[in-house]
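To keep things clear, I will list the structure first and then write my remarks on it.
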Amino acid sequence: ISRTGALQDGAYDRVREAGMFDQRFEGRYPDLASVGRLDGEGRNVVFGLFDLKAGRELLAPRYGDIPAIGADLFRFFPATEPYWTYYRGDTNRAPPEGLVDRSGKVLIEPGEFSGFRLEDSGRFILARKEDPDHAGAGSAALFDLQGRQLIAAYWHVLEVDLRRGLILAYDLHAQGRSGK
């Protein structure tokens with residue numbers, strides 16, 4: 001139902017806040033909703049995005065999930081993938097993750113990176129790349145808002161300091177922040 005009380009065109013099997021992924025909130029985007037429909041086989045829900053302000057479907061449901069990391073940037077998980085990646089240092093595995101913009105343009109293809117998030121200034125995207133041997137904390141890469149990689153995933157931690165015009169890169173040699 002729209003804000004004016006009009007019934008919207010479209011029926012969904014599931015609706016939730018767009019910043020939500022796997023029962024965690026990564027941000028609140030009140031003008032967006034994550035909407036889901038059962039796939040053609042009726043076994044899985046595929047997700048898209050609905051623009052609540054405009055009252056129209058923004059991205060059709062076709063993703064395994066599509067949480068927002070900003071008003072115009074969205075992590076996405078393909079609905080079905082023939083391969084899996086190591087996920088956030090856990091022994092559980094999850095489908096590969098990509099990044100898409102509001103128009104539906106894929107900025108970063110699924111596979112190599114995970115954990116996309118906006119850097120604190122909102123001017124860059126940080127992503128994780130897991131260690132191939134699954135032994136460490138992985139490494140961070142920096143992208144611009146168009147999905148172009150600015151800094152390769154070589155360092156464990158990247159911090160952008162706009163005030164000083166620096167990007168600080170660290171390796172972790174001990175547990176916690178004291179080992180940078």
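What follows is calculated from the coordinates using simple rules that are stated; it is not laboratory data. These numbers come from a predicted model, not from an experiment. Note that we place each Cβ from the backbone using ideal geometry, even for glycine, and neighbour counts take in every protein chain shown.
Tabulated values for the structure
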{"item": "Inter-probe distance in nm under a simple model that places probes 7 Å from Cα toward Cβ, at Val15 and Arg148", "result": "4.0"}
{"item": "Extension gain from Lys105 to Leu118, taking 0.36 nm per residue of separation minus the Cα-Cα distance", "result": "2.9 nm"}
{"item": "Ordering of 104-112, 161-169 by packing [mean C-beta count within 10 Å, highest first]", "result": "104-112, 161-169"}
